[in-house]
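The values are calculated or read from the model by the stated rules, or taken from the named source; none is laboratory data. The structure displayed is predicted, hence computed values, not measured ones. Cβ placement follows ideal geometry from the backbone for every residue including glycine, while neighbour counts extend to all protein chains displayed.
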Amino acid sequence: MKKYNLIAMLLVVLLAFNYQIVDSLAADKGMSFSVSAIHPENQISQETSYFDLKMKPGQEEEIQVMMNNATDKEITVEVGVNSAITNNNGVLDYSWNLENVLKKAKENNKDKTKDKIDLKKIAYDSTLKYPIPTITTSKKEVKIPAKSELPYTIKIKMPEEAFDGILLGGLRFTEKENTNDKSEGKKGVQIENKFAYVIGLILQETDNKVTPNLELNRNKIAPASLNGRNAVTINLQNTEMIMMRDFEVDAKIYKKNGKEILHQSSNKSLKMAPNSNFNYAVDWENQPLKAGQYLLKLHAKNQATTDETKEMNQEWNFSEEFRITTDEAKKINEKAVELVKEPISWWIYGLIGLVLFLLLLLIISLIKRYRAKKKKEARRRAMKKKKQNAFKKQQKRKNEQKFKS
């Protein structure tokens, strides 16, 4: 029980921090509604601002959130009931919605100027048996009359099969955009901040301890372009129904059979949602990707936080080879910005010097051969001329003797 109470306490801190940010910004921007959880009897702690419910297999229950509209006009609020995931920064994310992501991906794929998104890769984590949206029913939109409040209801139907650990999710509330305002905005460039309230949802059935487990998906080590920067991403997966709250990673990449570290990335204070995965990135430090065989060595650990049991202290070591193809390197390098041009190695200068030296020797040799040939030709002509002159003299003498006689 202590372990789950501590998880609840952490979520309080996280959500309270989020609420402080949202409330302050919302006040500045005139956010027009607010929400608060109505705790049922099976709420583990009545002092929290989110839902932390002790459930039973097959149990059905309705929970409610009070929604308040403080403005003078009716507003429409969009509600998403989502499973918590781990985003690629190693942060818990309650905003990811499978239906919405698929919709946006299909819209993206209609644009021929954009890279196609593989719809088959958009899915819940393979170890998540019970996504929160599949065991809940609720309206996607709610109209709140001016100067009034009303309850929003979520129906929960727990799986028939009992489980240890937790299901973690969140209820996300955002005001629906006004279509008139949106059409007017098309006339100029606008930067719009969209604020949301999130109320956490934890569902658990037992107090049995669950030990976290990390897996590295060797088939998902791949080169990537992240906001115009070259990187290699490594897919890490928490396969258990428990949250890792003090998680750290140290990744080193070498050339295959090499001893020198090419690139390294270390991060602490990461978090992983239950039954989730994320792509941990090793930045290539503005260097171009090169085709070849590489070796990844990755060390990760989760540390028990205050009042957590020692079972939460876990360490993992992975060593995996991977390959970057010529096509992958070329495609990603073309997207990169601010690539550092590699300095020419000394041996290239040496090779260029050697080629120039050999070329000079060849030119000198050709000149010498040419001159020697010219001298030889000149001697030959001189000899021939000498012989001709001698022959002429001899003929002249013969003619003179013949004349005298």
Selected residue (only one of K220, K290 is among the charged types (D, E, K, R), within 17 Å of the chain's Cα centre (by Cα) and within 22 Å of I332 (Cβ to Cβ)): K220
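Please work out if F357 is more than 18 Å from R229 (Cα to Cα), in contact with a strand residue (DSSP E or B) (Cβ under 8 Å, 6 or more places away or on another chain) and not hydroxyl-bearing (S, T, Y).
Here the answer is no, as F357 does not meet what is asked.
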Any pair with Cβ under 9 angstrom, 6 or more apart, that starts in region 215-231 at a residue that is under 20 Å from G292 (Cα atoms) and ends at one that is surrounded by 14 or more Cβ atoms within 10 Å (Cβ to Cβ) and of a type in the set (K, R): P223/K331; S225/K331; S225/K335; N230/K335
Every residue from region 246-265 that is more than 14 Å from E315 (Cβ to Cβ) and either in contact with a helix residue (DSSP H, G or I) (Cβ under 6 Å, 6 or more places away or on another chain) or not charged (D, E, K, R) (or both): A251, I253, Y254, N257, G258, I261, L262, H263, Q264, S265
Every residue from region 37-58 that is surrounded by fewer than 16 Cβ atoms within 10 Å (Cβ to Cβ) and either in contact with an Asp or Glu (Cβ under 9 Å, 6 or more places away or on another chain) or not in a strand (DSSP E or B) (or both): P40, E41, N42, S45, Q46, E47, S49, K56, P57, G58
Subset of region 272-322 [touching a Phe, Trp or Tyr at 6+ places or on another chain (Cβ under 9 Å) and among the charged types (D, E, K, R)]: K297, K301, E321
The lone exception for E334 - which of (1) surrounded by 10 or more Cβ atoms within 10 Å (Cβ to Cβ); (2) within 60 Å of the chain's Cα centre (by Cα); (3) in a helix (DSSP H, G or I); (4) modelled with pLDDT of 85 or more it fails: (1)
Residue within region 209-222 that is surrounded by 17 or more Cβ atoms within 10 Å (Cβ to Cβ), of a type in the set (A, V, I, L, M, F, W, C) and over 30 Å from P159 (Cβ atoms) present: yes
Among the residues listed as K341, K384, the single one being under 30 Å from W284 (Cβ atoms) and either at pLDDT below 80 or not assigned by TED's automatic domain parsing to the domain that holds S225 (or both): K341
Within region 282-307, tally of residues that are in contact with a strand residue (DSSP E or B) (Cβ under 9 Å, 6 or more places away or on another chain) and surrounded by fewer than 19 Cβ atoms within 10 Å (Cβ to Cβ): 16
Residue match in region 91-104 (condition: in contact (Cβ under 8 Å) with a residue 24 or more places away in the chain, within 19 Å of N279 (Cβ to Cβ), assigned to a helix (DSSP H, G or I) and aliphatic (A, V, I, L, M)): yes
Cβ-Cβ under 9 Å pairs, at least 6 apart or on other chains, region 119-144 side over 17 Å from G170 (Cβ atoms), far side of a type in the set (K, R): L119/K106; E141/K176
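Regarding E320, is this residue surrounded by fewer than 14 Cβ atoms within 10 Å (Cβ to Cβ), in the same structural domain as Q237 (by TED's automatic domain parsing), outside any helix (DSSP H, G or I) and modelled with pLDDT of 95 or more?
Details: surrounded by fewer than 14 Cβ atoms within 10 Å (Cβ to Cβ): no; in the same structural domain as Q237 (by TED's automatic domain parsing): yes; outside any helix (DSSP H, G or I): yes; modelled with pLDDT of 95 or more: yes.
Against the criterion (surrounded by fewer than 14 Cβ atoms within 10 Å (Cβ to Cβ), in the same structural domain as Q237 (by TED's automatic domain parsing), outside any helix (DSSP H, G or I) and modelled with pLDDT of 95 or more), E320 does not qualify.
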Some residue of region 340-363 being in contact with a helix residue (DSSP H, G or I) (Cβ under 8 Å, 6 or more places away or on another chain), in contact (Cβ under 8 Å) with a residue 12 or more places away in the chain and within 30 Å of A291 (Cα to Cα): no
